[in-house]
Every structure is written in C-alpha cells, then in structure tokens.
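A.B. asks: Sending over a structure as structure tokens; questions will come in a sec.
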Amino acid sequence: MAKDGFLLYGSFLSAPSYRVALMLRLCGLRFDYRHVDLAAGEHKSPEFREINRFGQVPALRHGGRVYVQSNAILQHLAAHADRYRGADPDERIAIAETMCWEADRLYPGLTRLRF
C-alpha cells in the first residue's frame with residue numbers, strides 16, 4: 001500500500017472513480033489502485049461487497065477504514081489533506097451543496113454520455 005496508506009478500488013470507466021483519483025493527485029497523496037472489473041460483475045461479488053456494502057466503485061481504504069460514495073470520499077480527502085475544503089463553515093456548506101447538485105443533476109447525464 002502507498003506510503004500514505006490509500007488504496008483506491010475503482011474502474012477506469014467510472015467517473016466517480018476518476019474524480020477520487022484526480023482528488024488524490026491534486027492533493028499530492030500517493031495511492032495504490034485496484035481495478036474492479038464492472039463488466040464481469042466483480043463489484044457484486046461477495047468479496048467486494050465486504051469492501052463496499054453498496055457494491056459500487058469507488059471505495060477508498062485509508063487508516064483501517066473503507067470510505068464509499070465519491071462525494072463522501074472527496075470530503076474525507078479534503079479534510080485529510082487540508083485542501084479544497086473551504087476556509088469557513090459557509091464555504092464548506094456551499095461546496096457540499098454544489099456536490100449534491102452535481103450528483104443529482106449533472107452527473108446522471110454525463111454518466112450516460114460516457115458509457
């Protein structure tokens with residue numbers, strides 16, 4: 001595992017996996033990557049469901065815990081790296097609102113286009 005102890009489970013076709021990998025890079029955090037073969041249904045296997053109960057990518061192992069759902073992972077990384085998190089509570093709320101809006105409105109259309 002990388003020096004910082006990050007292990008990203010993802011798929012190169014997954015936009016949420018890409019977002020987490022990009023955030024790791026932007027924060028300068030080293031990580032290891034494990035590909036999850038979505039086409040083969042690996043994300044639904046009992047072994048992967050032990051990693052992520054939702055059977056989705058991405059999942060990020062860090063510090064003895066597994067984080068799931070890309071927006072939650074991004075918030076964890078922002079707090080851990082003390083970057084991109086907002087300078088005060090109002091900025092943090094604005095960031096969280098934008099992330100929720102993106103997940104609800106923007107992401108579904110982009111995902112369909114990508115696949």
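The values are calculated or read from the model by the stated rules, or taken from the named source; none is laboratory data. The structure displayed is predicted, hence computed values, not measured ones. As a convention, Cβ positions derive from the backbone with ideal geometry for all residues, glycine included, and neighbour counts pool all protein chains shown. Each accessible area value is taken on the protein alone, full model and side chains, heavy atoms only, with ligands, DNA and RNA left out. Shrake-Rupley method; radii C 1.70, N 1.55, O 1.52, S 1.80 Å.
A.B. asks: Please give the per residue accessible area of segment 34-73, computed with a probe of 1.4 Å over protein heavy atoms only, in Å². Could the numbers behind the result be given before it?
C.D. replies: On the way: 2330 Å² over 40 residues.
Value for segment 34-73: 58 Å² per residue.
A.B. asks: Could I ask something else about it? What value in Å³ per residue do you get for the convex hull of the alpha-carbon atoms in segment 13-65? It would help to have the intermediate numbers written out before the result.
C.D. replies: Details: hull volume 4.3 nm³, N = 53.
Here the figure is 82 Å³ per residue.
A.B. asks: Moving to a separate point now. So if I place +1 on the C-beta of Lys and Arg and -1 on the C-beta of Asp and Glu, and nothing else carries charge, what would the dipole magnitude of segment 26-79 be about its Cα centre? I want it in debye, nearest 20.
C.D. replies: Working: 7 positive and 5 negative charges, 34 e Å.
Dipole of segment 26-79, to the nearest 20 debye: 160 debye.
A.B. asks: Starting from the Cα-Cα distance between Leu7 and Glu102, subtract it from 0.36 nm times their residue separation and give me the gain in nm to one decimal.
C.D. replies: Working: separation 95, 0.36 × 95 = 34.20 nm, distance 2.50 nm.
Gain on stretching Leu7 to Glu102: 31.7 nm.
A.B. asks: Indicate, rounded to the nearest 5 percent, the antiparallel portion of the DSSP beta bridges found entirely in segment 1-108. Each step should come with its number before you reach the end.
C.D. replies: Values: 8 of 12 bridges.
Antiparallel: roughly 65 percent of the beta bridges in segment 1-108.
A.B. asks: What do you get for Rg/Rh of the chain when both radii come from the Cα atoms and Rh is the Kirkwood radius? If you can, show how the numbers build up before the last one.
C.D. replies: Numbers: Rg = 14.3 Å, Rh = 14.8 Å.
Ratio value, two decimals: 0.97.
A.B. asks: Now, a different point. 7 Å from Cα along Cα→Cβ at both Arg49 and Ala81: what's the point-to-point distance in nm?
C.D. replies: The modelled label-to-label distance comes out at 3.3 nm.
A.B. asks: Just Ala81, Ala94, Ala21 to compare: in a GNM of the chain, with alpha carbon springs under 10 Å, which one fluctuates most?
C.D. replies: In the Gaussian network model the winner is Ala94.
A.B. asks: Pop the C-beta distance of His35 and Asp90 into the FRET formula with R0 = 30 Å and round what comes out to the nearest 0.05.
C.D. replies: Numbers: r = 39 Å, r/R0 = 1.30.
Efficiency at R0 = 30 Å is approximately 0.15.
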